[in-house]
Amino acid sequence: MKRVVLVDAGGTNIGSVRYALQRLGTDAELTADAARIRSASHVILPGVGAAAPGMRRLRDAGLIDVLRQLSQPVLGVCLGMQLLCDYSDEGDTECLGVIPATVHRFEDRPGLRVPHMGWNHIRRDSAHALTEGLGDDDTAYFVHSYAVPVGAYTLASTEHGGLFSAVIAADNFMGMQFHPERSAGVGARLLRNFLSL
Amino acid sequence: MLSRRIVPCLDVRDGQVVKGVRFRDHVVVGGIVDLALRYRDEGADELVFYGITASPEGRRVDRDWVERVARQIDIPFCVAGGIRSVDDAREVLHAGADKVSINSPALERPALIGEIADAFGVQCVVVGVDSLRDEDGQWRVRQYTGDPSKTRALRKRTLDWLVEAQSLGAGEIVLNCMGTDGVRRGYDIEQLRAARALCRVPLVASGGAGTAAHFTEVFEQADVDAALAASVFHSGEIAIPALKRELRAQGIEVRV
């Protein structure tokens, strides 16, 4: 039986992610309870805002080790994805460390607009069930100032003053830098892929 | 490559979408959620809901319709009008809005920009600027434009305010050029170019769209990230799918 939980650590996009799942026919439970999270079939870590307060909220909720030890599919969205990495430049923050990646600010240079905000192409770099069906012309909605470079963990990448990771994964931990809940049909498809893992 | 965004703006008053010419004489266009869904289906990249009476009367945005929109649509949306504090912003963001846009309250108290940015990140703080050229040739900011009887002309120069707003934490700027707004003769390219030169964050053009060519013009000549319009979309004069085909044919990157 599928039981999806949204980790409630105070991010403002929790409602939107929950509604997106409802549109797909899945009622996700919003919880910060360790036992409820451990027993879920799928765990989603949403998040908007800055890395340091994001990690602080997880720590205050006693969820750091709970999340690190999960073995079911876990999806981090936007800041949630960045929190799955080792470290973020933003506020010099040590993150959960379940995906071997680091998060850096977009370069400060003329003509490069930061935040990276809007619809951008996501290019599939390696085959994975999470990105199944992603087409060459597909775009997703991004809004962020920090990004994960391309690496072995990259499933899909996007161009903004250079390539960065749009979708990443390491074992059961996955992340999307864009907002699938705000990425129309493409986002719905990727969320559905996640729920079928 | 990042697409240029087409953003319909829905002015909300008493639970309905209304339109007006030069911010006056509002008429009802339709229901909030119905129109949001229509624009979403037509390929709008983002929506802005503007509670036009919220700011002058000190009223807050009604959380209820924000949540109804958030449940139904799967593209980003921004709520403007009536956000005067971090608590107001939290309420709207928690109801499901992706961004809040602040205008007159940011002019009353510029620190509000930084407070919201610190609480929720710069990416959800949009600063809306209503601007008009004065007789001395300078563009200056207008406040409380939602109600013509309360509108105030400030001494603050528009371009100075854009720089200040960014340094305080604005993640996006919507520049509404009041001189061209509502008359459909094209965006104020000169002013938007001047703003672009000073904007490191995304810049949204507002005021003056009348034809598809005006959108091409503003993207090509003012290099804005997004173009906002209301009446030409509400009336059906410009259909978003045809507009996007036209932009793409002109070599402008848009989401189709």
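Bear in mind these aren't lab numbers, they're just calculated from the coordinates by the rules spelled out. What you see is a predicted model, and the numbers here were worked out from it, not measured in a lab. Neighbour counts are summed over all protein chains in view; Cβ atoms, including those assigned to glycine, are modelled from backbone coordinates with ideal geometry.
Is there a simple number for the mean count of other chain Cβ atoms within 10 Å of the Cβ of residues in B:64-74, and what is it?
That works out to 4 on average.
Could you check what % of the DSSP bridge pairs in the protein assembly as shown are antiparallel, to the nearest 5?
Once the DSSP bridges in the protein assembly as shown are tallied, antiparallel ones form about 45 percent.
If packing is taken as the mean number of other Cβ atoms within 10 Å per residue, what is the order of B:199-209, A:59-69, highest first?
So the order, starting with the most tightly packed, is B:199-209, A:59-69.
Rounded to the nearest 5, what % of the DSSP beta bridges within the stretch A:4-195 are antiparallel ones?
Antiparallel bridges make up about 55 percent of those DSSP assigns within the stretch A:4-195.
When you look at the Cβ of every residue in B:118-129, what mean number of other chain Cβ atoms sits within 10 Å?
That average works out to 5.
Please list 3J(HN,Hα) in residue order for the stretch A:112-125, calculated via the Karplus relation 6.51 cos²θ - 1.76 cosθ + 1.60 where θ = phi - 60°; whole Hz, with x for glycine and proline.
Per residue, the Karplus-derived 3J(HN,Hα) values read 8, 7, 10, x, 6, 10, x, 8, 9, 5, 10, 9, 6, 9 Hz.
What share of the DSSP beta bridges in chain B is antiparallel, in percent to the nearest 5?
Given both bridge residues lie in chain B, the antiparallel proportion sits at roughly 35 percent.
Within 10 Å of each Cβ in A:106-119, how many Cβ atoms from other chains are there, averaged over the peptide?
Average neighbour count from other chains, rounded to a whole number: 5.
Under the rule of -39500 (n - 2.57) per DSSP H run of 4 or more residues, summed and divided by the residues of chain B, what mean residue ellipticity at 222 nm is obtained, to the nearest 500 deg cm²/dmol?
That comes out to -10000 deg cm²/dmol.
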